[in-house]
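The values are calculated or read from the model by the stated rules, or taken from the named source; none is laboratory data. Just so we're clear, the structure is a prediction, and the values are computed from it rather than from any experiment. In this analysis, Cβ positions are derived from the backbone assuming ideal geometry, glycine residues included, and neighbour counts consider all displayed protein chains. Calculation scope for accessible area: heavy atoms of the full protein, side chains included, ligands and nucleic acids excluded. Shrake-Rupley method; radii C 1.70, N 1.55, O 1.52, S 1.80 Å.
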Amino acid sequence: MDLSPFEDDNSVSCRLVSEIPEVCKTEDCCLGIDEAGRGPVLGPMVYGICFCPLSRKEELKDLKVADSKTLTEAERENLFEKLDEAKSYVGWALQILSPNTISTCMLRRTKYNLNALSHDTAIDLVQYALDSGVQLKEIYVDTVGPADKYEHKLSQRFPGIQVTVRPKADSLFPVVSAASICAKVSDQSSAGFKSFLFLNSLAIRVVPLFSLFPDPKTKAWLLKYLDPVFGYPQFVRFSWSTAQTLMDSKAVNVHWDDDEEDGEKAAQRQSNKSMLSYFSVSAGGNDQNATHQAHRFFTERRLKSLNTL
């Protein structure tokens, strides 16, 4: 799998695609959706789709695809090669979400959590398949969040296509298993840590030592290599609570004046008067009882605050 587009700039999201089989443009097709790398504090998350004609579902099943989590790395690589060899009737696409993209989305002022990001990514990939001419009739999805709500959302977004959302769909439907293998091969082979090695030579020494999940060894590494001013390099998901807790306790505290507070609150925190205070009405409703002296600019021009028009 050629991951050079992501390796060229792994600070942003990247899409990798196979050729669209001609048969998928003329026959009714099924499509599976799954992801890899959702939980780790390090590295990207990869969403994958795989599709094939309904008439060849049994051939896909005969490839012995299975839930990628039950397979070894070598078995996944071997199955991906088989999927690639079946490119006359099997197609796939991957969306690699960089740690920077994930954290930036999750830390927006308007709430945008990982489930919403996952849903939108899956929808974009299905839309890509449709725009590419794939004749979709069935979609199978490994659920993110409540399965019934997700199924209803996708059914509304893609009317006329039968949508099935199930927990553990990667172990129930071969086309989802195939999508899971494509996503996992991409995540483990280069999109995980290997494509980030050039960013920081320290990563070369720690790759073999621990998983990407927040286990004790990972937490120890995060603590050891936390820069007190700049935080972490971009292969760390700094929106994860594991990283945030360490940054809050060990890094230099920085306060942004516009961080979730308006000018009035910022002025109070700094013991200064806000510009708005000069235009506020006193508690008694009578401006003459205001606790502050009107500025000469107002008195010379005989300007007064009005309570009513």
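Annotations for the structure displayed:
- Out of Ala86, Ala122, one residue alone is hydrophobic (A, V, I, L, M, F, W, C), without any contact (Cβ under 8 Å) to a residue 60 or more places away in the chain and farther than 30 Å from Ala220 by Cα. It is Ala86.
Conditions (1) more than 18 Å from Cys52 (Cα to Cα); (2) in contact with a Ser or Thr (Cβ under 8 Å, 6 or more places away or on another chain), marked per residue:
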| residue | (1), (2) |
| --- | --- |
| Ser132 | no, no |
| Tyr140 | no, yes |
| Glu151 | yes, yes |
| Ser155 | yes, no |
| Val163 | no, yes |
| Lys168 | yes, no |
| Phe173 | no, yes |
| Ala179 | no, no |
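- Selection of strands (runs of 3 or more DSSP E) fully inside the range 84-196 by the criterion of at least 1 residues being open to solvent by 40 Å² or more (accessible area, probe 1.4 Å) and of a type outside the set (S, T, N, Q) returns 136-142, 162-166.
- A search for C-beta distances below 8 Å between a residue of the range 26-40 that is in the same structural domain as Asn113 (by the TED database) and within 16 Å of Glu138 (Cβ to Cβ) and any residue that is open to solvent by 70 Å² or more (accessible area, probe 1.4 Å) and part of a loop (DSSP other than H, G, I, E, B), counting only pairs 6+ apart in sequence or on different chains, returns Glu27/Gln135; Asp28/Gln135; Cys29/Gln135.
- Thr72 passes every criterion in (1) under 27 Å from Glu22 (Cβ atoms); (2) open to solvent by 10 Å² or more (accessible area, probe 1.4 Å); (3) modelled with pLDDT under 90 apart from (1).
- Selection count where residues are assigned to a loop (DSSP other than H, G, I, E, B) and either β-branched (Val, Ile, Thr) or open to solvent by less than 10 Å² (accessible area, probe 1.4 Å) (or both), scope the range 14-30: 3
- Scanning the range 166-186 for residues that are more than 20 Å from the chain's Cα centre (by Cα) and polar (S, T, N, Q) yields a total of 2.
- Any chance Arg108 is touching a residue at least 24 places away in the same chain (Cβ under 8 Å) and among the basic types (Lys, Arg): no
- Selection count, the range 198-254, where residues are open to solvent by less than 40 Å² (accessible area, probe 1.4 Å), at pLDDT 75 or above and of a type in the set (A, V, I, L, M): 6
- Within the range 225-247, the residues that satisfy the criterion of being in a strand (DSSP E or B) and over 14 Å from Ser98 (Cα atoms) are Asp227, Gly231.
- Members of the range 31-60 found to be β-branched (Val, Ile, Thr) and part of a strand (DSSP E or B), listed by number: Ile33, Val46, Ile49
- Of all residues making up the range 130-148, the number that are within 20 Å of the chain's Cα centre (by Cα) and touching a residue at least 24 places away in the same chain (Cβ under 8 Å): 5
So that you can scan it fast, the table gives a plain yes or no per residue for (1) in contact (Cβ under 8 Å) with a residue 60 or more places away in the chain; (2) in the same structural domain as Gly37 (by the TED database); (3) out of contact with any helix residue (DSSP H, G or I) (no Cβ under 9 Å at 6 or more places or on another chain):
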| residue | (1), (2), (3) |
| --- | --- |
| Tyr150 | no, yes, no |
| Pro159 | no, yes, yes |
| Ser171 | yes, yes, no |
| Val176 | yes, yes, no |
| Cys182 | yes, yes, no |
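- Taking the conditions (1) part of a helix (DSSP H, G or I); (2) modelled with pLDDT of 60 or more; (3) open to solvent by 100 Å² or more (accessible area, probe 1.4 Å) in turn, Gln268 satisfies each one other than (2).
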